[in-house]
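Here the structure comes first, spelled out in structure tokens, and everything after it is commentary.
The values are calculated or read from the model by the stated rules, or taken from the named source; none is laboratory data. From a predicted model like this one, the values you see are computed outputs, not experimental measurements. Positions of Cβ are generated from backbone atoms using ideal geometry, with glycine treated the same way; all protein chains shown enter the neighbour counts. Protein only, heavy atoms only, side chains kept; ligands, DNA and RNA dropped before computing areas. Shrake-Rupley method; radii C 1.70, N 1.55, O 1.52, S 1.80 Å.
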Amino acid sequence: MNVYQTSEKEIISGLSYRKRSDSLIWKCESNSTMEMNPEGLPSLDYREEDPPPNKHLKYHTSLRNMIPFRFSNKSNPMDDAGFFSFTSFAWMTPMMWSLFRNRLDKSSLSLSSHDGTDTNGKRFERLWEEEVAKVGLEKASLGRVFMSFQRTRLLVAFLVSVLFTLSVFIGPSVLVYEILNYAEAPGTSTLVHGVGLCVALFISEFFKAFFASLLWAVNLRTAIRVKSAFSIIAFQKIISLRSVSNISVGEMINVLTSDGYRMFEAVLFGTFLLCIPVLLTVCIIYACYTLGYTALIGVSVYLIFIPIQFAMARLIQVFRRKAVSVTDTRVRTMNEVLTCIKLIKMYAWETSFQKKITDIRKKEKQLLEMAGYTQSINSSITTIIPTLATILTFVVHTLLGLPLGTSEAFTIIAIFNSMRFSLGLLPFSVKAIAEGQVSLARLKKLLMTQNPDSYLVQRHGSSSALVMEKATFTWAGPEGQTTATAPGTTASLKGGKVEPQGQNGTHTPGTTASLKGGKVEPQGQNGTHTPGKTQAKPTLRNISFNLPKGNLLGICGNVGSGKTSLISSILEQMHLQHGSVTADGAFAYVSQQAWIFHGTVRDNILMGEPFNQARYDKAISACSLIPDLAILPYGDQTEIGERGLNLSGGQKQRISLARAVYSNQDIFLLDDPLSAVDAHVGKHIFEECIKKTLKGKSIILVTHQLQYLEFCDEILVLESGQIKESGTHKALMKAEGRYAQMINNFQTEHSQERTEEEPTQPDPVDRKEKNPVDHKGKGLENPAFDMSDEKPDESGGSQSVSHDVNVSKDQLVTQEGSQEGSVTWRTYHQYCKAAGGYILLSLIIIIFICLVGSTAFSNWWLSYWLEQGSGTANVSNSTAGNISLNPDLSFYQMVYGLVVVAMLVFSFLKGYSFTKVTLHASSKLHDTMFRNILNSPMSFFDTTPTGRMVNRFSKDQDEVDTMLPFNMENFLQFCLMVTYTIVTISAVFPPLLIAITLLGAILTLILYIFQRSIREMKRMENVSRSPWISLTTSTIQGLTTIHAYNKREQYIQE
């Protein structure tokens, strides 16, 4: 975590920057990596120690955890834990206690090297490659790979789950039945037998808790490894793309955030699904043994509803998949809005964009409601099925006139409650696995996205730096192949011409939609080309040119003529249909719109290269950055906001150019670098940078500044994707073709501009510019190269940085913090108000009370019924407890049956009202948050990274939409069930209140100690995602630059 301190002298008026302390200044070494995100991004590479390389020591670390007791050797506490410490999570106690006494910080947390992304990512990548090699990319199954990835741990979890299942069954079913029989006839057995039964019940319950804890411990560690592998594989795939393909920014962010967490949950709860058949089988056999064949009626109720729950899970999966698609659209559009917020505010388009986001949110809400209704019914089944099964079993049993005693009745209830455990876990397991499958499908889609085939051939020792022979390129790949979208071009074609646009020369879905009337108009599906929908016409046709080493090649043409596409073809972002491209040397690339990441000025120029003072000074001088660095408060250590928000367009372009100059590569691809700078700054850059500093380098210069073309060694004129003309300036002027026409038009326009400006000049203009049209034999006279207009001011002609940040702040982008202490009542109040108010929520709570109360009433009614026995005094002892002989049998059966009707009614009401209210609350909070962000001043956007805001609208919003209602519904149901159970037992056996009071005090103390640490950990998890999203978003925007400079591995290490 970076800590920055700023003295009073370092604070200036207007926009505040932060100066890094000397210890934090970039110390570039040969193996240095770039600090792209000074927010404190947790490293993706946890390599405290390398895992054992020996194949036979694969399970060495895990087997050491089987030692009952171990002493710490100061490595990771989880790796040092013994079996009992690992199972009971006792290894966390020192950390939790220290967190309770002190505020939580990142230094208190550590991750084992065996759980980090480096180890697990490499292993998963190897298994995936083996799977692809075995069955092919199309048929490759990520599910099989994940099963193979953690196969041993999943088998261990299954074994533990079976032991846990047996513990769940034996206590309530077998031992309780024996205890009831002993209580009915204590004289038939000894006291020791009764005490032994009670001790056995305690032991079975202890082992139930022990095996449950062990299962959680194993599953949690497995889930961490799966999530680590999932995230790094997705990120590595994204950064391997030379251009963004048919997957949007929103999808990629969701894959890296929400989908990774879905896989975590799938592993956590999925194992329980394996133990459910075991539990059902044992319970069915023992229920039939205890009650007889009528027990099959209750069992059949379970067996009928289990397929229904699986069918509901499929429905949830369908709705969830559709909702995720809409969520991707919302996040992508949100990313567009936040990226173009300055433009939106300038044109006062806030209302239009707010309506657009609200409309998308409405569609998402409808799908989430459908999934919520299904999920709520699924959860209700967990509550009502045991009672429904019990009621139907006993009603049919008594209708058949079969005897039913107290021990049999309550044993059957205990068995059905044990079976309810399986149904209680089923919604969690089914939901987690269904959503995990959706996440795997999305990752598979990402992994199947392929780059265009590599076609650039490096030929060392050639006399030419770059040769292209009769090359024809298209953005659409071969039929059926996933294709990439044109960097710097929209997906829609206008009159056969590709219109240039995009950031950094990359097509970034979510950032390149056209803004018209305050509305985003996406160019094609997700802004991508798709097979069958793309143009058959190639973008570039029969391109042939030769760039000798050390030459300057100028490229010009109208808008949409294919200039940026030509640069993209050299960087292998297009598909080569025929022809060849050869090069001799590495590339440096300056995009049409400069890519600036969050870091210092020096960070952006070096881009991870070792620091060389002489080379660095030469680069900033050639790019006219010295005056700008003099203005900035901390020089080249001044922090730049995300996407260079606190810099002018010219400053960003010159930093991007300085990056290329400092890289000292062989071939320079300059995509219109002079368009964003002032005329005399452009003149300085062309003379000092391109002509002098880069002298001897091979340069391709795309430009609309025609006055510089006469100084190029050769010129290409592009029109509709073809080379219209090529040659030197003199030769093209003599030919009087398209190039000569463009030059003449430029001269005429420039002459008119000067004529209009002359009356405003106090002094006559230099007479040598009186006849600027004389170009025959002499070339074009360039007023831009007239040095007489140079002013001695040190501003460098560039715009100064905007002043938006409060002077009291000591840094531009503040470290994201989290609220301390417990969740305030104000937070709960805001959620309740968003849900519809306290009256509405009170009605829903009453419905919950009635639903769970009907279950408790059914148990009380059964006990009352059993107390009445046969209902007559003149019967033998053998039939006194047989309720089937009671004359009021039909009345008891009717009341017992009406409970089923009441439960079904309350379940329907609860499912509809609870889902409606919680989604209304989440949508209201979403709209309020978006409205407040949209109405914030520009200073807020200058100091808040986009990733931080996108995090609120992606993962955090997803938790409020789905996780919070799901967990809150189960929490309310189980709390009420426990409350009714305690009240009922206390009414029957008051001394139990003493034990409840003691246990309550102990659990309250534990909750008090652990709740703060758990809550702070959750907040830190939410906060730590923002830099991760910022890094991802920034990487996507700069993919072309990253690949041009060959910095892929460096960013993976970030």
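Quick one: in the range 896-920, of everything that is within 22 Å of Val396 (Cβ to Cβ) and free of Cβ contacts under 8 Å to residues at least 60 places away in the same chain, which residue is surrounded by the fewest Cβ atoms within 10 Å (Cβ to Cβ)?
Val901
Restricting to the range 239-266, give me the number of residues that are of a type in the set (Val, Ile, Thr) and open to solvent by 20 Å² or more (accessible area, probe 1.4 Å). First the steps, then the outcome.
Here is the first cut: in the range 239-266, the ones of a type in the set (Val, Ile, Thr) are 239, 244, 247, 249, 253, 255, 257.
Now drop any that are not open to solvent by 20 Å² or more (accessible area, probe 1.4 Å), which leaves none.
Number of matching residues: 0.
Can you report the number of residues in the range 272-314 which are polar (S, T, N, Q) and at pLDDT below 80? Lay out the reasoning, then the answer.
Start the filter on the range 272-314 by keeping residues that are polar (S, T, N, Q), which leaves 281, 290, 294, 300, 309.
Filter once more, so that each one left must be at pLDDT below 80: 309.
So the answer is 1.
Please pick out the residue among Ala389, Ala348 that is over 30 Å from Ile247 (Cβ atoms) and surrounded by fewer than 17 Cβ atoms within 10 Å (Cβ to Cβ).
Details: Ala389 fails: surrounded by fewer than 17 Cβ atoms within 10 Å (Cβ to Cβ).
Just one listed residue meets the conditions, Ala348.
Determine if the range 259-277 includes at least one residue that is on the phi > 0 side of the Ramachandran plot and either among the basic types (Lys, Arg) or out of contact with any Cys (no Cβ under 8 Å at 6 or more places or on another chain) (or both).
In the first step, residues of the range 259-277 are kept if they are on the phi > 0 side of the Ramachandran plot; the result is none.
So far as the range 259-277 goes, no, none of its residues is on the phi > 0 side of the Ramachandran plot and either among the basic types (Lys, Arg) or out of contact with any Cys (no Cβ under 8 Å at 6 or more places or on another chain) (or both).
Which residue out of Leu127, Leu159 is open to solvent by 90 Å² or more (accessible area, probe 1.4 Å), in a helix (DSSP H, G or I) and not hydroxyl-bearing (Ser, Thr, Tyr)? Give the steps one after another, and end with the answer.
On the way: Leu127 fails: open to solvent by 90 Å² or more (accessible area, probe 1.4 Å).
It is Leu159.
Taking Phe421, is it under 24 Å from Thr290 (Cβ atoms), crowded, with 20+ Cβ neighbours inside 10 Å and among the aromatic types (Phe, Trp, Tyr)? Outline the logic, then answer.
On the way: under 24 Å from Thr290 (Cβ atoms): yes; crowded, with 20+ Cβ neighbours inside 10 Å: yes; among the aromatic types (Phe, Trp, Tyr): yes.
Judged against the criteria, Phe421 is a match.
Condition test on Gln309, is it under 28 Å from Ser258 (Cα atoms), of a type in the set (S, T, N, Q) and in contact with a Leu (Cβ under 9 Å, 6 or more places away or on another chain)?
Values: under 28 Å from Ser258 (Cα atoms): yes; of a type in the set (S, T, N, Q): yes; in contact with a Leu (Cβ under 9 Å, 6 or more places away or on another chain): yes.
Considered against the rule, which asks whether it is under 28 Å from Ser258 (Cα atoms), of a type in the set (S, T, N, Q) and in contact with a Leu (Cβ under 9 Å, 6 or more places away or on another chain), Gln309 comes out as yes.
Please find, among Ser954, Ser939, the residue that is in a helix (DSSP H, G or I) and more than 17 Å from Arg320 (Cα to Cα). If you could, list the steps in order and put the result at the bottom.
Values: Ser954 fails: more than 17 Å from Arg320 (Cα to Cα).
Only one candidate qualifies: Ser939.
So, Phe319, is that one under 30 Å from Leu446 (Cα atoms), touching a Lys or Arg at 6+ places or on another chain (Cβ under 8 Å), assigned to a helix (DSSP H, G or I) and not β-branched (Val, Ile, Thr) or not? Before you say what the answer is, go through the steps one by one.
Values: under 30 Å from Leu446 (Cα atoms): yes; touching a Lys or Arg at 6+ places or on another chain (Cβ under 8 Å): no; assigned to a helix (DSSP H, G or I): yes; not β-branched (Val, Ile, Thr): yes.
It is false that Phe319 is under 30 Å from Leu446 (Cα atoms), touching a Lys or Arg at 6+ places or on another chain (Cβ under 8 Å), assigned to a helix (DSSP H, G or I) and not β-branched (Val, Ile, Thr).
Please list, ordered by first then second residue, the pairs with beta carbon atoms under 6 Å, 6 or more apart or interchain, first in the range 943-962 and farther than 24 Å from Phe319 by Cβ and in contact (Cβ under 8 Å) with a residue 40 or more places away in the chain, second assigned to a helix (DSSP H, G or I) and open to solvent by 10 Å² or more (accessible area, probe 1.4 Å).
Pro945/Glu642; Thr946/Glu642; Asn951/Arg1025
Would you mind stating whether Lys431 is part of a helix (DSSP H, G or I), basic (Lys, Arg) and modelled with pLDDT of 80 or more?
Against the criterion (part of a helix (DSSP H, G or I), basic (Lys, Arg) and modelled with pLDDT of 80 or more), Lys431 does not qualify.
Need a quick list: helices (runs of 4 or more DSSP H) entirely within the range 581-651 having at least 1 residues that are modelled with pLDDT of 85 or more and open to solvent by less than 10 Å² (accessible area, probe 1.4 Å).
Working: elements: 601-606, 613-622, 626-631.
Ranges flagged: 601-606, 613-622.
Would you mind telling me which numbered condition in (1) among the aliphatic types (A, V, I, L, M); (2) in contact with a Leu (Cβ under 8 Å, 6 or more places away or on another chain); (3) surrounded by fewer than 21 Cβ atoms within 10 Å (Cβ to Cβ) Leu669 fails?
(3)
Report, ordered by the first and then the second residue, all pairs with beta carbons closer than 6 Å, sequence separation of six or more or different chains, a first member in the range 160-171 that is touching a residue at least 40 places away in the same chain (Cβ under 8 Å) and more than 14 Å from Phe272 (Cβ to Cβ), and a second member that is open to solvent by less than 10 Å² (accessible area, probe 1.4 Å) and of a type in the set (Ser, Thr, Tyr).
Every condition considered, the pairs that remain are Phe169/Ser418.
Which of the numbered conditions does Thr93 fail, given that it passes all the others? Conditions: (1) at pLDDT 75 or above; (2) part of a loop (DSSP other than H, G, I, E, B).
Of everything listed in (1) at pLDDT 75 or above; (2) part of a loop (DSSP other than H, G, I, E, B), Thr93 misses just condition (2).
Sort through Trp860, Trp865 and tell me the only one that's at pLDDT 70 or above, surrounded by fewer than 18 Cβ atoms within 10 Å (Cβ to Cβ), hydrophobic (A, V, I, L, M, F, W, C) and assigned to a helix (DSSP H, G or I). Spell out how you get there, then give the answer.
Details: Trp865 fails: surrounded by fewer than 18 Cβ atoms within 10 Å (Cβ to Cβ).
Answer to the check: Trp860.
Given the criteria over 30 Å from Ile357 (Cα atoms), assigned to a helix (DSSP H, G or I) and either free of Cβ contacts under 8 Å to residues at least 12 places away in the same chain or in contact with a His (Cβ under 6 Å, 6 or more places away or on another chain) (or both), does Phe974 qualify?
Working: over 30 Å from Ile357 (Cα atoms): yes; assigned to a helix (DSSP H, G or I): yes; either free of Cβ contacts under 8 Å to residues at least 12 places away in the same chain or in contact with a His (Cβ under 6 Å, 6 or more places away or on another chain) (or both): yes.
Yes; evaluated as a whole, the condition is true for this residue.
Provide a single number: the residues in the range 424-448 that are open to solvent by 20 Å² or more (accessible area, probe 1.4 Å) and of a type in the set (Gly, Ala, Ser).
Count: 1.
I'd like the residue in the range 293-316 that is under 26 Å from the mean Cα position of the chain (by Cα) and surrounded by fewer than 20 Cβ atoms within 10 Å (Cβ to Cβ) and, out of all such residues, is nearest to Ser376 (Cα to Cα). Show your work before the answer.
Here is the first cut: in the range 293-316, the residues under 26 Å from the mean Cα position of the chain (by Cα) are 313-316.
Filter again for surrounded by fewer than 20 Cβ atoms within 10 Å (Cβ to Cβ), leaving 314-315.
On the way: Arg314: 14, Leu315: 12 Å.
That would be Leu315.
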